[in-house]
Structure formats: C-alpha cells, structure tokens
Amino acid sequence: MTQWRVWACLIGIILFGMFLRVAYLMELAADPAFAFPGVDAGYNDAWARAIVTGDWNAQRTHDVTGIPSTPFFRPPGYAYFLGGIYKLHQGYLAPRIAQALLGLISVFIVFLLARKWFGPATGLLSALFAACYWGFIYFEGELLEPALLVFLGLLIVYALSLMIDKVTFFRAAVAGILIGLFALVRPNILALVPLFMGWVGWILRGRKARAFAMCCAGMLIGLALTVAPVTIRNYMVSGERVLISSNAGINLFIGNNENADGLFISRIQDLGLFRTSSQYVEIKVALERQAGRKMSYSEMSRYFAGKAVSFMTSHPVSALKLFVRKALLLFGPVEAGHNRSIYYDREFSCVLRSIPLAFPFALSSGLLGILLLLIKGKEGSGADVNYRRSLQFGWLMVIFAAGYLISFLPFFVSGQYRIPVIPFLLILGAYGLVCLWNWSKARMTGRVVLGVLIWIGIYISASVNISGYEPNLAKWHVDQAAGWIRNGDYDRAVLECRKAIAVNSGSAEAYVAMAKALGGNGKWLEAESVFREALRMRPDADRARVNLGNLLLRQGRVDEAIVEYKAALDANPGLAEVYLNLGAVLLMSGRAGESESYLREAVKIAPDNARAHLFLSRVLAESGRSDEAAQHYEEAIRLNPDVVRGVPGNQKDE
C-alpha cells in the first residue's frame, strides 16, 4: 500500500471515530448527569471549578473546602487537567469535547506505534479498533480519568519504545516525566517502574552497564521532578509526608475485609458511608472518636492498610479467594460498575450498544497476537533484527498491560481501571489478525484454520462470566433519579425510582431518592412517609435521616427535625453539615446556649466551612464574647466574602 493511501485511510478512520464521538455526545447531552455529575465525577468537577475560581465554598454538590489545607486525598492530576479546560471554558460540553479530541489523538498514536513496529496494515487496523472501541468513547464523555490515562499510557510506551533504537539519558528522562504525570492521575503506575527498568536491561542484554545505569538515573530523575512538587505541597500545607495522595490505605481496606467482594463497597464497618471523597472527613472523625485522639491523613492510611494486612494474614484462604475473584472481575466480560453502572449505560445508549467491539474481543485478539508473535520467533525469525525489535516492543506492551492490571488486584476493581491497557491489546490483536490474513494470502490454510480456532476458543473463554457478577439495574435507575433530582426534574426522578423499586422492591436507596424527589415537588407528607419506609428497611441510613430532618424543617416542624438530626449523628458522628444544621436551627429557635457545642463541632470537623464560623460568631456575640466572635466572623469572611449574604441554615439534601 502506498504512503498516500495509508494516510488517506487513516484520515478516514479518524473521521469515522469523530462521527461516533459526536453522535454519542449528542446523545449524552440528554443524560441527567451531563451538567450535574455525581459521585467521583461530581467531586472532580467541584475540585476543578474551585481551582479555577479560587472559591472552595461555592461548589454545588460536593464539599471540597478541606482540600487547600490537607494533603491530597485523591491524586490531583485529573482535577488540574479538568481545571485547565474550565479555565478556557466552564461549560459542561467543553471537557467532553477536549477528551474526545484527546481520544482521537490517542488513535493517531496507536497508529504510529503499530505502524512503526508491525507495519502499515497493523497500524491502520489498530487505529480502526481504537477509533471504534466503545469504552474509549464512553469514558471520553465522563468527567473521570480514563481518557487522560489512555493518552498518557500511550505516550509512556512510545517514549520507552524509542530506547529500542537507542538508549539515552534524555529519552529515559522524558519517559520518567510521563510516568510521573500518569502517577499524578493514577499512582499504580509507580509499581511498574522496576519492570520498565528490567525491560531496558533486557534489550541491552547486560552489554552496556553504563547505558543501563544512565537510563535508570534519567527515568528516576524525570519521575522525581514531576512528583516532587506534589509531595512538597502536601508537606507544606499539612506537615505530612504524603507522596501523592493518602487514599491507598482505605482503598486497600475496601478490597480486603470481612465484607469485601472485590468491588467498591461504600460502608466502612461502623465508621460510616464512603460514597465520595468528600465523605472521607466523616470517616476520619468517626475513627478519631474511636481512637480518642486526632489522627493525620497519613496515619489513617496506615491504620486502614494495617487492618487490610491483618485480615489477609489472619484469613489467608478468604484473601486468596478475594484475589481470584478480583482477577475474574478484572478480566471478565461484564463491565464492573463503580461510579455508575457502566454495563447499563451502554445498554441504554443507541450509539454504544451498536458498536460490537468489547473487552472479550480486545483480550482474546491481544492474546492471539502475542502468541503468534512468539510462534514467529520459533519458526526461525529470531535471528532477524526487525523481528527482535518487534518482539521487544511486544513485550513492552505486555509488561505495561499485565503489570498495570495486576497492580489493582490488592485493592478493589472496576471496569474503568482496565481502559488504559486496551490500546495495547488492540495493537497486539491487529497484529494477530494481519498475520492470519497474510497466511491466508500465502494459502497456508492449515495455519489460518488453527489460528482462527485458537482465537475463537480464547474469545469464548473470555466471554464466560465466571465471577458471576451481575450489573445492578435498580442502582442504574437510582443513579438516573439522582441526576434528575440535581437537575430539578422531580417527576422524572420519581419515575426512575418506581422503575428501580419494580426491579428491586428492597432497595432502600430507591425509596430515599423517591422521597427526595417528592419533597422537591412539595409533596411533603408523601415524602415523609417514603423516608420512614426507607428507614424501616435501613435504620442506619444516616443520610435518609438528614434528608428527613431537612424535610421536617421546611414544614416548620423544628423539634421533629432536631430529633432526626441527632439520630443521624448517632449513626454517623462525622456529619459536619448536620452539626451546622443543628447549631443554626437551635440558634434561630432562641436556644443559642445549646447551639454552641454543635457549631464548635462543625468548625472542628470542617475548619474551612465559612458558614460554621459565621453562625458560631453569632452565638458568641450573643453571649458577650465579642473578641472570639470577631475572630470567627473574620475567618468566615476570609473563607468566603459572600457568606454574610447566605440564608439561615444549611439544609442541603445529602
């Protein structure tokens, strides 16, 4: 194929990929979470907007006020990437367009890599697969990390592959910088650094010790230069030595405890719920109460890691079963959900469900490709220089893909975690299919038939759901309802809740969402009845009690609201907003003396909450402690100059 035809085909592939992405974005615009993202996407959105505006108190759905004064709990890379987009345009279409463009650039990099090491036919087929893979298109529409990680992962492999031609300090340093950037989004990549160094040592075969040492030094220096600013920032704001983020311990615990099932679980023993990162402070408060002392974020991470290790050492059989289940989930055919039910998001999308390429295809064709690459060496190509270089690149992709996936197994797994390795499976898969095509043209019928049979066998095995994981349709409807509630479309929210209850009549979450929607529609008595039904199912549903308290307060039933708020605090003592609600309500009810203790607790848990300082200053002023009142008033103004214009109370539904 001539060069101009190759480039013409590539342009056509990229245009087709663009068409699919535009079609999906048009469809996605009607999703309730498009402009009101929830869970981690909502947290990323709030964090990024606060970075751009500098106002950490004005975010709609997620509390990010503690980020400036604490070590990063989540890796900051994606939030700053998103913030960079919001700096240019703060609409919700902008990040999706940016990520779709990033996806198309990734398609181009896939082509460059595959063409360089396996030829133009493999390059074009790899690009076609990457342009059409539904998972890429889906996550380019989410305010989550995978689209950025796909791009960075491809750049890392591209930079490392250049060392097949020549190992230099500069190339190693560039690779180290890219690994560092990836680590600022997903620190798991750090576990692969020794593997990358080992790969470089393998391609050098120990003949050039100086070159190997220079490569290792360059990679480590590039990595350190990228990560060090975040480590220094964490120490400067908190005095804690946190490399990138402090969430490793609790993630390890979520994946290894008596109630673990390999997936994300939101209830952390008796410490409360952990659905989003903003709730970690509640877990921290509950743990500090149990310990009877303050705990740093790094100390908490060590505590949860210790609990996980203790479980694994005392229950080795259970830990091994969990490890196997996580592997089956990670390599299984069904997309395991986390933030959203990925499986049903695809099923209810006309665009995505029409695209046949899915993980079983990527895995089976990728395994076929590496198998045929190895067979080619056994047939006498091992002495060929070009083949050896292709094999070195093939092993680099295997190291990245296998190492990255395995790095999640000690923690918990989700379908989104495997997205960054898909490009390399598709490249290997394209290589394998091109091999079969070349054999067919050479009339090697036996080889083609055997290769196809092997591929079909692997595909069937990869398509079997051995883990038994079943996507939760009721949760999908509840998530849709939550999105419509955030949009203010309460009728649609109620409809989704009814669908969820029809699927699972025991879903307390569906009843809570329905009650919130009914309350938003002004149907207070009906909402109260549904809230109480949810609490009958789940007496420990602290946020249902908070929302019920808010509902009662709107009706002027202050004493009943106070009872529900206190019951919520009994279930979860880390709810800073409830302390604030109680303090504000008691203050407005003329019970300033009683409100002070709640407001002080709110300030203690959330020292960056301007409203808590403002209400406490009012209580102190009423009791004649003007100096202390002035201090808290000034702190409230410093944190949020517009806070004095706020309405009394802070009854935000949880």
Unmet criterion (only one of (1) free of Cβ contacts under 8 Å to residues at least 60 places away in the same chain; (2) in contact with a helix residue (DSSP H, G or I) (Cβ under 7 Å, 6 or more places away or on another chain); (3) surrounded by fewer than 24 Cβ atoms within 10 Å (Cβ to Cβ)) for Gly446: (2)
Filtered residues of region 73-86 (kept if outside any helix (DSSP H, G or I) and at pLDDT 95 or above): Pro75, Pro76
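For every residue, the table says whether it meets (1) part of a helix (DSSP H, G or I); (2) of a type in the set (Gly, Ala, Ser).
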residue: Ala217; (1), (2): yes, yes
residue: Arg241; (1), (2): no, no
residue: Asn257; (1), (2): no, no
residue: Gly262; (1), (2): no, yes
residue: Gln279; (1), (2): yes, no
residue: Val285; (1), (2): yes, no
residue: Arg289; (1), (2): yes, no
residue: Val317; (1), (2): yes, no
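Among the residues of region 458-505, write down those that are within 14 Å of Gly520 (Cβ to Cβ) and open to solvent by 50 Å² or more (accessible area, probe 1.4 Å). Even if it seems obvious, please write down each step before you answer.
Quick first cut of region 458-505, residues within 14 Å of Gly520 (Cβ to Cβ) only: 481-497.
Once the filter is applied, which keeps residues that are within 14 Å of Gly520 (Cβ to Cβ) and open to solvent by 50 Å² or more (accessible area, probe 1.4 Å), region 458-505 yields Arg486, Asn487, Asp489, Tyr490, Asp491, Arg492, Leu495.
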Pairs where the first residue, in region 1-29, is under 15 Å from Arg353 (Cα atoms) and the second is open to solvent by 40 Å² or more (accessible area, probe 1.4 Å) and modelled with pLDDT under 95, C-beta under 6 Å, 6+ apart: none
Residue ID - least open to solvent (accessible area, probe 1.4 Å), chosen from residues in region 164-188 that are within 19 Å of Arg205 (Cβ to Cβ) and among the hydrophobic types (A, V, I, L, M, F, W, C): Ala172
Pair list, Cβ < 6 Å and 6+ apart or interchain, from region 247-276 residues that are β-branched (Val, Ile, Thr) to residues that are open to solvent by 40 Å² or more (accessible area, probe 1.4 Å): Thr276/Val39
Checklist (1) without any contact (Cβ under 8 Å) to a residue 24 or more places away in the chain; (2) open to solvent by 70 Å² or more (accessible area, probe 1.4 Å) applied to Thr231, failing item: (2)
Within region 1-58, considering residues that are farther than 23 Å from Glu140 by Cα and in a loop (DSSP other than H, G, I, E, B), the one most open to solvent (accessible area, probe 1.4 Å): Met1
Elements of type helices (runs of 4 or more DSSP H) in region 444-539, at least 3 residues being closer than 29 Å to Arg557 by Cα and either touching a strand residue (DSSP E or B) at 6+ places or on another chain (Cβ under 6 Å) or among the acidic types (Asp, Glu) (or both): 524-537
Among the residues listed as Ile355, Ile283, the single one being more than 30 Å from Gly394 (Cα to Cα) and open to solvent by less than 20 Å² (accessible area, probe 1.4 Å): Ile283
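The values are calculated or read from the model by the stated rules, or taken from the named source; none is laboratory data. Keep in mind it's a predicted model, so treat the numbers as computed, not measured. Backbone-built Cβ (ideal geometry, glycine too); neighbour counts: all protein chains shown. Surface accessibility is based on the protein's heavy atoms, side chains included, excluding ligands, DNA and RNA. Shrake-Rupley method; radii C 1.70, N 1.55, O 1.52, S 1.80 Å.
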